[in-house]
Structure formats: structure tokens, C-alpha cells
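Contents: one structure, followed by commentary.
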């Protein structure tokens, strides 16, 4: 039987399929009766699902990161597709093909990590190279980097998403420095790598992608700055001399200013060429990823507009003759 991927779901149709549980919780309705709210996903996208009259025992059997076979009917609610469930049954991991559920296979993730290291090891400044080696050779850090998403729901919100975000930004950065030779290549590449390292401590590497206590109380900008300060003495040991204070200052500024505006949580406005470039690259990739992910996983694919994207406060126009990414002929 052909698998019914999330991206293939249509309104008012029956569903009997296995999905990955991204998150779940019990909620009371207006009458105080509990229902199960879930976010189900596969490699093509995710969809909300509800089971009325649920209880704690079912919640305990439906585990984030686990698989469930669900039966129900799809419907559109407030412009978004959801599944009203009639049955939920946990499924053993041995019974599914992981490639159907994760946007990144382990092979693809390994390729991204290798490519990330390859680009970063092209940095020529010995102090910056040593700083990168501190992180790249830290097995615990790299294991976390490989697992965390770039965010909870905005963009690249899946395990390994942060690595995809970094690789894309590094590729963009290499083109940017050709167009703007006054921007220091080494500094920009290192700034790209470091700007979100705090997310390895801010976000839990699980399928619910929850914030850690540190993430809630401190945030990834401050956590990233702490990690930089802890890594610099180790880089000094590798080089055998003091890390230049000017480089330290510029890297700290790039981490603290990369959100670009105070209202977006930036500690400072970008005030160096490399900091401005970093913010622009981060903004570009995050918005493009959010746009394309919304279009590709839109639960209403037959329409000319996507469902509403609350994070960016807009819908995206698909048009009637729109070609999906990857469909363009060259």
C-alpha cells in the first residue's frame, strides 16, 4: 500500500497511517473533558491531530519521538488542516522505515557535518582556526550540534536543522565576500558558525524540541557568548599565544548583534561589516526556509495561497502555475 505522507493529506478524507509523534499533551475542552492534542509528522511535514475523550494512560503510551498508527478524518479548522482521530495505537520502531519520518537521514547529516568542517577549515587566521578546532574536535558539542533544530517552529525546526542552517549560511557567506571584498572572510565564516552555538544548550535534543531551563532563563545569545569565552583559553593553548583582543571583541559583538534589531531580541545593533553581513545572512536563510517549508508542506496544496503562517504574520502566494522547488528546468 502506498504511504500517505502528510503533504498528501487532503480535507475531508479518511486517514489510516503511521506517523511520528513530535509532541503531545492532554487538554480540557470547555466542559472540562480531556482530549489528546498531538503534532504528527513525517519527512514531508507535520499536522495537528486531536482525539476526544482521552486519558492519562493513553498520554503515557504516546511518547514524543515514538510512532503511532492513527485512524481518523481530516478537516480544515481556522485555515489549517488537522486530523480528528478515532483511534491511536503505538507502533514499535522496528516496524517502520526511519527514512519516511526524518527530513535528514543519518547519511545526509554526516555529509552536512563533513562539509561544515571542510568550509571552516579553510579559515587561514591561526587564532580563528584554533578556535574552530576547539569546537570541531569536541565530540560532546558536535553530537549536540548534530541533533538540535535551528528553532522550535520558525525554520529548520527538525533534528539536525541547525547544521542545515549553518551550511547554507556558510555557502552564502563565501559568495558574499566575493561581492564585498571589504568583509573579512575568516571573521565572517567563524561568526556564522558561532552565532547560534548557544542553541546547543538552549534547546533540548529531543523530538519535542523544548527549551532547556538555561534556554528559558538565559537564551542562546548569552549562552553562546559564555561558550566563546570558555573556548578562547583552549585556542590559546593550541596556538601558544594570547588570542587577539580585537578578534575576541568582534566575535562577541557578532554573537550579541546577529538578531539585528532590539525588538527581535538583539543585545546590540550590528556595528561592523561582518556583523551586518552575518545578520543579513541569518535573516535571508531563516525567512527563505520558513517560506519554502510552508509552501512545500502546505496542508491545502490545491489552493493558490498557503495556510496562514503565524510566525511571519502572512500567507504565501503559490499561484496557479507555480513550480515547486526542484522542478525548475536548467
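None of the figures in this text is laboratory data; all of them are computed from the coordinates on show. Not measured: the values here are computed from a predicted model. Cβ placement follows ideal geometry from the backbone for every residue including glycine, while neighbour counts extend to all protein chains displayed.
Its residues counted as N, the chain yields a C-alpha radius of gyration over 2.2 N^0.38 Å of 1.10.
How large, in Å, is the stretch 193-267 by the Kirkwood hydrodynamic radius built from its alpha-carbon pairs? Mind dumping the intermediate values first?
Values: mean 1/r = 0.0750 Å⁻¹.
That comes to 13.3 Å for the stretch 193-267.
Mind running the shape call on the stretch 6-98? Use the C-alpha gyration tensor, a ≥ b ≥ c as the square roots of the eigenvalues: rounded below 1.5 for a/c, prolate if a/b tops b/c, oblate otherwise. Write down the numbers at each step before the final one.
On the way: a/c = 1.86, a/b = 1.11, b/c = 1.68.
Because a/c hits 1.5 or more and a/b fails to exceed b/c, the stretch 6-98 counts as oblate.
Pick from 62, 311, 218 the residue whose mean-square fluctuation is largest in a GNM of the chain, springs joining Cα atoms under 10 Å. Taking springs between Cα atoms under 10 Å, the residue moving most is 311.
Comparing Cα centroids, the stretch 1-64 and the stretch 221-293 end up 38 angstrom apart. For the stretch 154-244, the gyration tensor built on C-alpha atoms gives an oblate shape. Its axis ratio a/c (a ≥ b ≥ c) is at least 1.5, and a/b is not larger than b/c. Projected label points at residue 56 and residue 174, each 7 Å from Cα along the beta carbon direction, are separated by 5.5 nanometres.
Here the spin labels are modelled as points 7 Å beyond Cα on the Cα-Cβ line, and at residue 236 and residue 100 they lie 5.5 nm apart. From its DSSP helices (H runs of at least four residues, each -39,500 (n - 2.57)), the chain gives a residue-normalised ellipticity at 222 nm of -13000 deg cm²/dmol.
Between residue 246 and residue 291, full extension at 0.36 nm per residue minus the direct alpha carbon distance yields a gain of 12.5 nm.
Counting only alpha carbon atoms, the long axis of helix 185-194 and the longest principal axis of the chain meet at about 40°. Between residue 13 and residue 30, the simple spin-label model (points 7 angstrom out along Cα→Cβ) gives 3.2 nm.
If I stretch the segment between residue 216 and residue 304 completely, what's the gain in nm (0.36 nm per residue apart, minus their alpha carbon distance), one decimal? Numbers along the way, then the final one.
Numbers: separation 88, 0.36 × 88 = 31.68 nm, distance 3.81 nm.
Contour length minus the Cα-Cα distance gives 27.9 nm.
Relative to the longest principal axis of the Cα atoms of the chain, the long axis of helix 126-136 makes an angle of roughly 30 degrees.
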